[in-house]
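Below is one structure, written out as structure tokens; the observations come after it.
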Amino acid sequence: ATRKSAQGPAFSVIRARLLTTDSSNFESLGLSKATAQRLTTAFNISEPTAMQRQLIPAIVSGKDVLLKDITGTGKSFAIATALVDIREPALYVVPNRELALQISGWVEKLTPDSPAQLVIAGEEHHTDHSNSPLTIGTASTMWSLVQNGQWENKRWKAVVVDEADQAFRLPGRYAHWKKRWNRKAHPKPAELVLETIMTAQASKPQVIMSSATMNRPLRHWLMEKQWIKDAVYINGLSPASAGVQHHCLIVSSDQVRNIQTQIDDEVVVGDVATDQDIDESMMECLETLCSIEPVKQGIIFVPNDGSFSQVMSKLHECDIDAIPLYESIAHGTQAQFYVATAMTGRGIDLPNISHVFIVGLSKTIDDYMHMAGRLGRLGQATDTAKVITIARDSKYVEAKVNSMFKLMNTSISMYAHVQ
Ligand SMILES: Nc1ncnc2c1ncn2[C@@H]1O[C@H](COP(=O)(O)OP(=O)(O)OP(=O)(O)O)[C@@H](O)[C@H]1O
């Protein structure tokens with residue numbers, strides 16, 4: 001189907017559910033026999049998902065791609081696989097070094113003789129694989145290389161921006177004009193890196209933008225910039241993961257209670273304002289949840305880097321086995337709990353996660369979806385999977401959380417052990 005957009009050029013809309021052709025293996029999608037075999041031997045993966053059946057041929061065709069599908073459907077994995085198979089200079093921009101390391105781990109398993117070049121902060125990652133076709137890194141580190149005159153433009157055949165909404169962080173529809181001006185005056189590193197590439201190259205590279213939460217304004221902004229032209233738009237529409245329970249506990253100094261869901265229909269739109277501190281009552285609630293819940297492995301999301309050490313030391317004081325998420329990704333260290341922020345946990349895929357704890361209100365709905373999206377990936381059995389938010393009792397907390405869940409079309413379940 002082809003749809004004419006009022007604000008941008010025409011682009012193809014392909015919906016995974018409309019698929020009719022036979023595309024039940026990776027070779028039939030355009031990947032080489034060697035890559036298809038490697039997927040089976042190294043990952044035990046032989047059948048593409050519905051979304052991947054659209055995505056891989058689109059990448060192989062060399063067209064620009066806009067990709068949206070729910071979290072955990074194999075977007076990053078399929079993009080990396082296709083780029084490895086194409087073997088031409090490709091740049092893969094990610095929001096955090098954790099995701100860069102995860103993807104480069106996949107690449108190493110796919111092509112042990114040609115590991116990706118990493119462009120991320122941290123001396124320990126500075127291994128020279130500059131002859132490798134694939135470069136993976138964070139926009140902030142790439143931009144500092146550009147500024148220091150150390151950036152090597154390779155005449156990229158393809159440029160990927162994963163978690164594109166996070167990379168460009170356009171102001172929301174209801175953002176104050178000051179915020180809009182500020183955003184214009186201070187472009188994000190991903191924007192600066194793409195400008196650098198587009199200016200340096202005579203022919204535009206293929207551009208692939210992906211995110212579970214890529215909205216229409218972002219798509220139009222990308223087309224206005226002319227970074228995306230005549231793109232294949234893949235809206236995966238995978239069914240939301242069934243079985244994940246969402247709870248929200250409201251904590252004050254003298255009680256922990258379930259959120260009230262029957263409240264006046266007050267809709268709070270736009271970014272949810274959040275209080276960034278974690279107080280003693282919230283920490284106690286977290287500690288209790290960590291001990292009473294049957295957690296196989298859990299991710300604890302904290303509001304910011306400042307809360308990190310506070311949460312880590314409290315968990316250690318209580319003998320709870322917790323480490324920063326980065327340590328697990330970078331060094332393969334295993335623990336029962338991993339601590340992350342919304343930013344450092346974006347896109348991370350860990351197979352055994354049974355619980356997500358979000359301490360403090362999510363800043364935005366998108367943040368919530370990405371944090372909760374560490375669970376129920378690719379239809380894993382999720383009958384005990386839980387996302388539990390621990391929010392401080394404050395004036396509009398009920399209205400904010402309820403309107404957020406309403407907009408996500410997700411229901412909040414009552415948590416059994418409290419009133
Ligand atoms: N066709 C497939 N069959 C089985 N497993 C797959 C397939 N494709 C990818 N996977 C696995 O699915 C997991 C999730 O993949 P990935 O992290 O790429 O998802 P994502 O859609 O990018 O997630 P997010 O939106 O959270 O960034 C990975 O562990 C990967 O090995």
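The values are calculated or read from the model by the stated rules, or taken from the named source; none is laboratory data. If you're wondering where the values come from, they're calculated on a predicted model, not measured in any experiment. Quick reminder, even Gly has a Cβ in these numbers, built from the backbone with ideal geometry, and neighbours come from all protein chains shown. Ligands, DNA and RNA are stripped out before the accessible areas are found, and what is left, the full protein with its side chains, is counted by its heavy atoms. Shrake-Rupley method; radii C 1.70, N 1.55, O 1.52, S 1.80 Å.
Counting residues in the range 307-391 as N, plug N into 2.2 N^0.38 Å and put the Cα Rg over that result.
Its radius of gyration relative to the 2.2 N^0.38 Å reference: 1.07.
Where the centre of each part is set by its Cα atoms, how far does the range 284-317 sit from the range 81-130, in angstrom?
What the calculation gives is 31 Å, centre to centre.
How high is the FRET efficiency between ALA42 and ASN148 when r is their beta carbon distance and R₀ equals 30 Å, given to the nearest 0.05?
According to the calculation, E is roughly 0.25.
Compute the distance in nm between two label points, each set 7 Å from the Cα along the Cα-to-Cβ direction, one at GLN226 and one at SER291.
6.4 nm
The range 155-224: D in µm²/s via Stokes-Einstein (Kirkwood Rh, Cα pairs, 37 °C, 0.692 mPa s)?
The Stokes-Einstein estimate is 251 µm²/s.
In percent, how large is the relative contact order of the chain, given Cα pairs closer than 8 Å and 6 or more residues apart? Could you put the intermediate results ahead of the total?
On the way: 765 pairs, mean separation 81.3, N = 419.
Contact order relative to length: 19 percent.
At q = 0.13, 0.26 Å⁻¹, what is the log10 ratio I(q)/I(0) for the range 101-190, with the Debye formula run over Cα points and no solvent?
Relative scattering, expressed as log10 I(q)/I(0), comes to -0.55, -1.45.
Compute the accessible area per residue over the range 180-248, keeping the other protein chains in place, probe 1.4 Å, unit Å². All intermediate terms of the calculation are to be shown ahead of the outcome.
Details: 3150 Å² over 69 residues.
Computed with neighbouring chains in place, this is 46 Å² per residue.
How big is the range 268-417 by the Kirkwood estimate over distinct Cα pairs, in Å?
15.7 Å
Among residues other than THR344 whose Cβ falls under 10 Å from its Cβ, what is the net charge (Lys/Arg +1, Asp/Glu -1)?
So the environment of THR344 carries a net charge of 0.
What accessible area per residue comes out for the range 89-173, rounded to a whole number of Å², with a 1.4 Å probe?
On the way: 3560 Å² over 85 residues.
About 42 Å² of surface per residue is accessible.
Rounded to whole Å and ordered largest first, report the semi-axes of the equivalent ellipsoid of the chain derived from its Cα gyration tensor (root of 5λ).
35, 24, 22
How high is the FRET efficiency from ALA200 to GLU280, r the C-beta distance, R0 35 Å, rounded to 0.05?
On the way: r = 53 Å, r/R0 = 1.51.
Plugging the Cβ-Cβ distance into 1/(1 + (r/R0)^6) gives 0.10.
Say we join alpha carbon atoms closer than 10 Å with springs in a Gaussian network model of the chain; which of VAL146, VAL387, VAL65 then has the biggest fluctuation?
VAL146
Please work out, to two decimal places, the log10 of the ratio I(q)/I(0) at q = 0.11, 0.22 Å⁻¹ from a Debye calculation in which every Cα of the range 173-265 carries one identical scatterer.
-0.63, -1.20
Suppose R0 equals 41 Å; then what is the FRET efficiency for THR127 and SER253 from their Cβ-Cβ distance, rounded to the nearest 0.05?
Between THR127 and SER253 the formula returns 0.25.
Work through the residues other than VAL356 whose Cβ is under 10 Å from its Cβ and net out their charges, Lys, Arg +1 and Asp, Glu -1.
Net charge in that neighbourhood comes out at +2.
If I take the Cα coordinates of the range 113-251 and project them onto the principal axes, what are the three extents in Å, biggest first?
Each principal axis gives a Cα extent; for the range 113-251 these are 50, 37, 36 Å.
Picking from LYS204, LYS363, LYS406, which is most flexible by a Gaussian network model of the chain using Cα springs under 10 Å?
So, out of LYS204, LYS363, LYS406, the one fluctuating most is LYS406.
Which percent of Cα pairs goes in each bin when the distances of the range 69-117 are cut into 5 angstrom slices starting at zero?
Here the calculated profile for the range 69-117 is 5, 20, 32, 28, 11, 3, 0.
Run the accessible area of the chain with a 1.4 Å probe and give the carbon-and-sulfur part as a rounded percent.
Exposed carbon and sulfur together represent 49 percent of the surface.
For the chain, set up a Gaussian network in which alpha carbons nearer than 10 Å are linked by springs, and say which option among SER46, SER394, SER140 fluctuates the most.
Residue with maximal mean-square fluctuation among SER46, SER394, SER140: SER394.
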